[in-house]
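Heads up: the structure comes next, in structure tokens.
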Amino acid sequence: MNKNSLLLVTPDFDPKQCLNYHLFLNIGADCFSYSITDPQQRKLLVLYDEQECPSVATRLAEQVEQDIYLQQAFASVDLAVHPQDSTFIPTPLFDTALLSEYGRYFEHHGKLELGVQAFNSFGFNVVFAAPKAIQKILAAQWPELSPRLATTGLIQLLSQFEQCTFILDFTVSSFQLLIGHKDALLFHQHYNIDSTDELAYYLLLTCQNLEIVPQQCAVYVCGIIHQGDDRWDFLKSQFKQVDLLRLNIGYDLGIIEDMPEQYYQRQLSLLT
């Protein structure tokens with residue numbers, strides 16, 4: 001572990017029982033986290049989170065090698081990754097035989113494994129590729145598994161909203177922006193930011209390009225953001241409604257009850 005990481009473990013967690021547990025590994029653009037759950041008791045047993053990774057692949061490789069929890073055999077393992085490249089294909093036009101063609105403009109085309117994530121409620125499939133170094137690590141540790149998109153849970157959440165809604169998931173130096181409602185995903189993008197001014201630029205430019213009136217939209221935020229900080233105050237000044245994203249997943253989350261609830265919502269969204 002390093003100064004930018006956090007490990008929380010319930011007192012009753014027994015690594016010898018991992019064959020009864022589920023592992024969820026979520027790899028972001030500049031961070032990664034994992035959780036171990038007991039599906040029978042619906043309880044979160046372990047949560048690891050690491051922020052501000054100069055090289056996610058380097059740190060992930062070290063963690064996989066050194067972390068005794070990640071070396072266990074589990075009842076199931078769920079992998080989620082931030083893509084290096086992705087493209088959205090409407091369901092009626094999607095053909096698995098054309099998978100390579102969909103990725104022809106991806107960096108390192110033909111040298112990376114392509115993943116497919118279907119979002120039937122929105123009527124499209126996402127073809128994506130994780131970074132080559134990440135793919136190598138996952139293939140060595142879990143060769144039989146195919147990862148899904150790290151934002152899968154958040155995208156699915158948008159289908160619950162009647163009106164245009166923004167979901168912003170923050171790390172220390174970036175944010176994931178999703179815009180949509182029950183009938184459509186309107187926008188999905190990741191941005192690196194060094195200041196609130198850059199956050200304002202990307203959000204307002206997106207609203208202008210999509211002809212969205214911010215004062216008519218609700219915003220739900222999660223990740224590294226706090227009520228009353230500069231990011232929060234900017235959002236409150238521009239949008240009709242700003243709230244922390246709160247998920248009700250029906251799990252015992254006792255080990256994170258003393259932590260800011262918004263920090264781990266993307267990780268928890270994978271459990272839904």
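The set of residues from the range 141-181 being open to solvent by 50 Å² or more (accessible area, probe 1.4 Å) and free of Cβ contacts under 8 Å to residues at least 60 places away in the same chain comprises P143, E144, Q160, E162, Q163. Take D229 and tell me if it is under 28 Å from L270 (Cα atoms), among the acidic types (D, E), open to solvent by less than 60 Å² (accessible area, probe 1.4 Å) and under 20 Å from the mean Cα position of the chain (by Cα). In short, no. Looking only at residues of the range 141-154 that are of a type in the set (S, T, Y) and not in a helix (DSSP H, G or I), we find that the one that is farthest from E65 (Cα to Cα) is T151.
The single condition among (1) more than 23 Å from C53 (Cα to Cα); (2) in a strand (DSSP E or B); (3) not hydroxyl-bearing (S, T, Y) that L157 does not meet is (2). For the range 225-246, the set of residues classified as out of contact with any Leu (no Cβ under 7 Å at 6 or more places or on another chain) and closer than 16 Å to S173 by Cα consists of I225, H226, D229, D230, W232, listed by residue number.
Within the range 122-140, can you find the residues that are in a loop (DSSP other than H, G, I, E, B), out of contact with any Gly (no Cβ under 8 Å at 6 or more places or on another chain) and within 21 Å of S55 (Cα to Cα)? P131, the sole residue that qualifies. For the range 93-139, taking the residues that are out of contact with any helix residue (DSSP H, G or I) (no Cβ under 9 Å at 6 or more places or on another chain) and small (G, A, S), the one that is surrounded by the fewest Cβ atoms within 10 Å (Cβ to Cβ) is identified as A97. Within the range 75-121, if we keep just the residues that are hydrophobic (A, V, I, L, M, F, W, C) and assigned to a loop (DSSP other than H, G, I, E, B), the residue that is nearest to the chain's Cα centre (by Cα) turns out to be L114. In the range 182-191, the residue that is least open to solvent (accessible area, probe 1.4 Å) out of those that are in contact with a helix residue (DSSP H, G or I) (Cβ under 8 Å, 6 or more places away or on another chain) and over 20 Å from V127 (Cβ atoms) is Y191. Beta carbons closer than 9 Å, at least 6 apart along the sequence or on distinct chains, pair a first residue in the range 88-114 that is under 26 Å from A133 (Cα atoms) with a second that is open to solvent by 100 Å² or more (accessible area, probe 1.4 Å) and part of a loop (DSSP other than H, G, I, E, B) for G110/R104; E113/S146.
For the range 236-250, a residue qualifies if it is within 21 Å of the chain's Cα centre (by Cα) and open to solvent by less than 40 Å² (accessible area, probe 1.4 Å), and the qualifying residues are V242, L244, L245, L247, I249.
Look at E50 and say whether it is of a type in the set (D, E, K, R) and open to solvent by 20 Å² or more (accessible area, probe 1.4 Å). Against the criterion (of a type in the set (D, E, K, R) and open to solvent by 20 Å² or more (accessible area, probe 1.4 Å)), E50 does not qualify.
The values are calculated or read from the model by the stated rules, or taken from the named source; none is laboratory data. Owing to the predicted nature of the structure, the values given are computational and were not obtained by experimental measurement. Cβ sites come from the backbone with ideal geometry, for glycine too, and all protein chains shown count toward neighbours. Accessible surface is based on the protein model in full, side chains and every heavy atom, while ligands, DNA and RNA are left aside. Shrake-Rupley method; radii C 1.70, N 1.55, O 1.52, S 1.80 Å.
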